[in-house]
Amino acid sequence: MNNQVFSDYSLIDLSTKKGRQNFYGALTAFMHQPREAMDQLIAAGITNFTATSQFPDDVRTIIEKLHLGLDMIDSGWQAFFDMKDFTGTRESGFGIQTVSSGLTFGKRPEGGRARIYRVTGARQWVGFDMYGGGLEFDQAWFDDQQWWMIEDTAAEFRAKWYRDLAVVMYTLIGALGSGQNVAYDTVGADQLEKDINTINTAAAQLLTALDTAGYAVTPSTPVQILSPIQLRARLNRALAAVNMAPGASNAELKLEYNVIPTFSMKVLNAGSASTDKWYMGVKGIKNKYANRMDLTVWADFKAASYATETVGWGRYGAYLNEEQLLRLSTV
């Protein structure tokens, strides 16, 4: 049997204090693995989590060592956020300055001094919320050494946590106001031309607005697009488009910006599943996700149900700056 949670089943004995500590410790370590793997992948320069088979050998080693199948974790929402680690701190949240300082640099007259700008505007406080859930491990599984049942239940527990985390974050993205909507192009001769025109128009609008607002962006700033899988083929065709020969119907038509795609099955629009919208944004700047407490497991034996009741708790918070995102129609 391929052990994913417990390296040595003989150490799992819920009738002893040491055995229970081994059980809870192994469960908690297993729950932390996806976050640890994603941290290592980001450190290795991998930010678009796709099929494991597409990664270099050294990156696949990270995933395989941690028994992590990327098909279990939907992390597409991370394309828009800086990831901050507040574990080990006593912070109850973090602050975001919602208005920039207005700082500019000017020539200093001889004998003069630099002009000093004060940071003004609102400061948005983002608290860390607790999220939790629990399930029971039937004691008979331990008595009968049905380790596969225990491992499968632990894997389901972990997958559900990261699935619900993704829903929370996609809900935040999908709550974007209508003022950030971009209409679908009507000029193109076919669907591909319309898709390319829509993306180019949106990217120019987004980058220009951010530059006007004082953010550090350039024409080559990476532009992230979050797409439902139903639009995957269309986005990939747009990304693959190249300048055509003169005289062709779509001559010189291609994406003109540094577009990076991310795909998900959980894209939402105003809380409902969406299959006809693209979300475009610039990563980081004021978009922040902060992890205060990793998913951590507590457990207690319940004689009435002859089961070990296991509860997992985690704590995190996030802030989304609407100026950095647009919602693109595809119809």
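The values are calculated or read from the model by the stated rules, or taken from the named source; none is laboratory data. Since the model is a prediction, treat every value here as computed from it, not as a measurement. FYI the Cβ positions are ideal-geometry reconstructions off the backbone, even for glycines, and counts take in every protein chain you see.
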_Selection count where residues are at pLDDT below 95, in contact with a helix residue (DSSP H, G or I) (Cβ under 8 Å, 6 or more places away or on another chain) and among the aliphatic types (A, V, I, L, M), scope the range 268-289_ = 3
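Quickly run through the range 13-45 and pick out the residues that are among the polar types (S, T, N, Q), touching a helix residue (DSSP H, G or I) at 6+ places or on another chain (Cβ under 6 Å) and modelled with pLDDT of 80 or more. So that I can check it myself, show each step before the final result.
Applying the first criterion (among the polar types (S, T, N, Q)) to the range 13-45 yields 15-16, 21-22, 28, 33, 40.
Pick out the ones that are also touching a helix residue (DSSP H, G or I) at 6+ places or on another chain (Cβ under 6 Å) and you get 22, 40.
Matches in the range 13-45: ASN22 only.
Limited to the range 221-237, what total is found for residues that are of a type in the set (A, V, I, L, M, F, W, C) and either closer than 15 Å to TRP77 by Cα or at pLDDT below 95 (or both)?
4
So which strands (runs of 3 or more DSSP E) stay within the range 216-331 end to end and still have 2 or more residues that are of a type outside the set (A, V, I, L, M, F, W, C) and surrounded by fewer than 19 Cβ atoms within 10 Å (Cβ to Cβ)? Step through it out loud before you land on a result.
Numbers: elements: 223-228, 259-264, 277-281, 288-302, 307-319, 325-329.
Counting at least 2 such residues, we get 288-302.
For TRP148, are the conditions met, namely being of a type in the set (Phe, Trp, Tyr), more than 30 Å from LYS302 (Cα to Cα) and either over 19 Å from the mean Cα position of the chain (by Cα) or in a loop (DSSP other than H, G, I, E, B) (or both)?
Numbers: of a type in the set (Phe, Trp, Tyr): yes; more than 30 Å from LYS302 (Cα to Cα): no; either over 19 Å from the mean Cα position of the chain (by Cα) or in a loop (DSSP other than H, G, I, E, B) (or both): yes.
Taking the combined requirement at face value, the residue does not satisfy it.
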*asked:* Which of the numbered conditions does SER249 fail, given that it passes all the others? Conditions: (1) modelled with pLDDT under 90; (2) over 22 Å from the mean Cα position of the chain (by Cα); (3) under 21 Å from GLY76 (Cβ atoms).
replied: (3)
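Looking at the range 172-215, which of the residues that are acidic (Asp, Glu) and surrounded by fewer than 16 Cβ atoms within 10 Å (Cβ to Cβ) is nearest to GLU323 (Cα to Cα)? Lay out the reasoning, then the answer.
First, pick out the residues of the range 172-215 that are acidic (Asp, Glu): 185, 190, 193, 195, 211.
With the extra rule that they be surrounded by fewer than 16 Cβ atoms within 10 Å (Cβ to Cβ), the set shrinks to 190, 211.
Values: ASP190: 30, ASP211: 11 Å.
In this case the residue turns out to be ASP211.
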*Count, please, the residues in the range 290-318 that happen to be aromatic (Phe, Trp, Tyr) and either in contact with a Phe, Trp or Tyr (Cβ under 8 Å, 6 or more places away or on another chain) or modelled with pLDDT of 95 or more (or both).*
3
*Show the residue pairs that are 6+ apart or on different chains and have beta-carbon atoms under 7 Å apart, the first residue being within the range 80-92 and touching a residue at least 40 places away in the same chain (Cβ under 8 Å), the second being of a type in the set (S, T, N, Q) and outside any strand (DSSP E or B).*
PHE80/ASN287; PHE81/ASN287; ASP82/ASN287
*Does the range 1-35 hold any residues that are aromatic (Phe, Trp, Tyr), in a helix (DSSP H, G or I) and within 13 Å of GLN145 (Cβ to Cβ), and which are they?*
TYR9
*asked:* Could you go through the range 134-156 and let me know if any residue there is modelled with pLDDT under 85 and more than 30 Å from SER15 (Cα to Cα).
replied: no
*asked:* Looking at THR218 and the list (1) in contact with a Leu (Cβ under 9 Å, 6 or more places away or on another chain); (2) in contact (Cβ under 8 Å) with a residue 40 or more places away in the chain; (3) of a type outside the set (A, V, I, L, M, F, W, C), which single condition is not satisfied?
replied: (2)
*asked:* Among the residues that make up the range 175-196, is at least one of them part of a helix (DSSP H, G or I) and under 17 Å from PHE81 (Cα atoms)?
replied: no
*Tabulated pairs, the range 303-320, first without any contact (Cβ under 8 Å) to a residue 60 or more places away in the chain and closer than 20 Å to ASN287 by Cβ, second part of a strand (DSSP E or B) and among the small types (Gly, Ala, Ser), C-beta under 6 angstrom, 6+ apart or interchain*: none
